[in-house]
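In what follows, a structure is listed as structure tokens, so that the remarks can point back to it.
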Amino acid sequence: MFSFLKEFFYLQQSDRKVILTLLAVAAVALGGVFFTGNDNAALTTNGADSIDTATSDGREAAYDSRHSSGRQVSYAVDGRKTQLFAFDPNSADSTQLLALGLQPWQVRNIYKYRAAGGVYRRPEDFGRLYGLTAGEYRRLKPYIRISADYQPAAKLPEVEAADRQHPFGIEKDTAVYPKKIAAGEQVVLNTADSATLRSVPGIGIHFAREIISHGRLLGGYVSVDQLDEIDFFPKEAKKYFVVRNAQPEKLNVNRLTFSQLRRHPYMGYHQAKAIVEYRRLHGRINSLSQLQLSPAFTPEVISRLEPYVEY
């Protein structure tokens, strides 16, 4: 080594530079081989560890699945070891739900559903959880236990017994829930109040109000068929009504103004205008037939208006 160094210093400067450059290149090459070898060894070791761990987890899950007691079953979801156990989706906390294999966002949806007043009354209700697959539902369904506290109170024996005595669970107020009349019975249309009208099968609060309101606009009913003028009126209810001694309010076609005539449901714009124009041109009206030359007064219009006019 000493002789090499002695000879090295006797070399020309250019030769020494070449030798130093070669030595530096060799040193870099050896260093690269050394570090690369260590990295590969580390990667190889880590990869083996990962495979061994995955294999171990898989074998453990398979072992737990085959040898579980039936109450709890272990399985893997996204690398997480989870278990199956009896749970109530109405009361299970986030730790339990995550342990069952549900995703965090699914657990949040369950919490939001419960916070909004939602209740899982049957295992099938849980199947509507957003993002829950058919396989996940089939795996979880046998473990769903819905507490009786979350069932409708109407199903309680004491409530059902009360319902059998009184359909609404309390003594029925006949003013609020009038007893319906039987087939063959009839209600006088112009004199019936709201409670009496609601005693007719098919007539509730809405149609009772409509019957009274339409009758007031007309000035009284002269025919049961006028009920057909009410939107969506149940035709099967007409047989329970009768009109007796009809005395409708009258429109004096010789005195009322255009605006006053227009207030009646059967008096349209053109009819009221025709009456006012006839009076202006010809004087007094003694019969609606005098207006039959006007296109606004067809035979049907005259027949419908006749019971409601006077001269």
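The values are calculated or read from the model by the stated rules, or taken from the named source; none is laboratory data. Because the structure is predicted, anything quoted here is derived from the model rather than measured. FYI the Cβ positions are ideal-geometry reconstructions off the backbone, even for glycines, and counts take in every protein chain you see. Protein only, heavy atoms only, side chains kept; ligands, DNA and RNA dropped before computing areas. Shrake-Rupley method; radii C 1.70, N 1.55, O 1.52, S 1.80 Å.
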Output for Cβ contacts, cut-off 9 Å, separation at least six or different chains, first residue touching a residue at least 60 places away in the same chain (Cβ under 8 Å) in segment 126-154, second hydroxyl-bearing (Ser, Thr, Tyr) and part of a loop (DSSP other than H, G, I, E, B), reads Tyr150/Ser91; Tyr150/Tyr120
Counting only residues that are open to solvent by 40 Å² or more (accessible area, probe 1.4 Å), closer than 23 Å to Gln151 by Cβ and free of Cβ contacts under 8 Å to residues at least 40 places away in the same chain, segment 81-116 contains a total of 9
Taking segment 239-256 and the residues there that are touching a helix residue (DSSP H, G or I) at 6+ places or on another chain (Cβ under 9 Å) and in a loop (DSSP other than H, G, I, E, B), the one that is least open to solvent (accessible area, probe 1.4 Å) would be Val253
Out of (1) within 52 Å of the chain's Cα centre (by Cα); (2) buried (at least 16 other Cβ atoms within 10 Å of the Cβ); (3) touching a residue at least 24 places away in the same chain (Cβ under 8 Å), the one Ala208 does not meet is (3)
Expected output for segment 179-202 (first residue charged (D, E, K, R), partner modelled with pLDDT under 95 and open to solvent by 80 Å² or more (accessible area, probe 1.4 Å), Cβ below 9 Å, 6+ apart or cross-chain) is Lys179/Lys172; Arg198/Tyr177; Arg198/Lys180; Arg198/Ile205
Screening Leu305, Leu281 for residues that are closer than 23 Å to Asn190 by Cβ and part of a helix (DSSP H, G or I) leaves only Leu305
Filtering segment 276-300 down to residues that are open to solvent by less than 70 Å² (accessible area, probe 1.4 Å), in contact (Cβ under 8 Å) with a residue 12 or more places away in the chain and closer than 27 Å to Ile230 by Cα yields Leu288, Ala296, Phe297
